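**Student:** There's a structure below that I have some questions on.
Values in this text are rule-based calculations from the coordinates and carry no lab data. Keep in mind that what you see is a predicted model, and the values were worked out from it rather than measured. Virtual Cβ from ideal backbone geometry, glycine too; neighbours counted across all protein chains shown.
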Amino acid sequence: MESKHEVADLVRAYAVRVTTFTKPVKITITAYFKGKRHIDTSNIDDKTYVDALIHAKVIEDDNAYHNPVVIKEVCTDMTEDKLLIRIEEV
């Protein structure tokens with residue numbers, strides 16, 4: 001498992017948005033898995049990704065004011081393993 005800083009470096013490298021979200025957001029984390037492996041959505045560690053988004057300055061914070069809503073999804077039988085993080089202001 002990557003550390004928060006390693007994930008933040010990846011987030012910075014692949015982030016499309018240049019400016020930081022400063023208002024409350026909805027974060028959708030979708031994990032795509034090759035084949036038909038059974039993966040529970042509860043096994044996706046959303047804290048690592050939210051902390052990495054803060055560290056990478058994609059979102060401002062995850063405190064009570066910003067209070068991000070995090071949705072986790074899993075898709076199986078894909079052609080490759082990958083992770084997609086979508087962020088929308090709410």
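**Student:** Given +1 on the Cβ of Lys and Arg, -1 on the Cβ of Asp and Glu, and no further charges, what dipole in debye does the chain carry about its Cα centre, rounded to the nearest 20? Don't jump to the answer; show the numbers that get you there.
**Tutor:** Details: 13 positive and 16 negative charges, 39 e Å.
Here the chain has a charge dipole of around 180 debye.
**Student:** Return the lysines within reach of LYS34: Cα separation strictly under 18 angstrom, same-chain partners fewer than 8 residues apart disregarded; answer none if there are no such residues.
**Tutor:** LYS72, LYS82
**Student:** Mind pulling the angle between the C-alpha long axis of helix 46-55 and the longest principal axis of the chain? Nearest 10 degrees, somewhere in 0 to 90.
**Tutor:** Orientation of helix 46-55: about 40 degrees from the principal axis.
**Student:** Now a separate question. Within 10 Å, Cβ to Cβ, of HIS66, how many net charges do the neighbouring residues add up to if Lys/Arg are +1 and Asp/Glu are -1?
**Tutor:** -2
**Student:** Hey, another quick one. For the chain, find the longest principal axis of its Cα atoms and tell me its angle to the long axis of helix 4-14, 0 to 90°, nearest 10.
**Tutor:** That works out to roughly 90 degrees.
**Student:** A further question on this structure: Here are some values of Cα Rg over 2.2 N^0.38 Å: (i) 1.09; (ii) 2.04; (iii) 2.67. Which one was computed from this structure?
**Tutor:** (i)
**Student:** Return the long-range amide H neighbours of VAL25 (sequence gap of 5 or more, or a different chain), with a cut-off of under 5 Å between placed amide H atoms.
**Tutor:** VAL69, VAL90
**Student:** Continuing with the same structure: Relative contact order for the chain using alpha-carbon pairs under 8 Å, separation at least 6, rounded to a whole percent?
**Tutor:** 49
**Student:** Given a 10 angstrom Cα cut-off, can you work out which residue in TYR32, TYR49, TYR14 is the most mobile in a GNM of the chain?
**Tutor:** Greatest mean-square fluctuation among the candidates belongs to TYR14.
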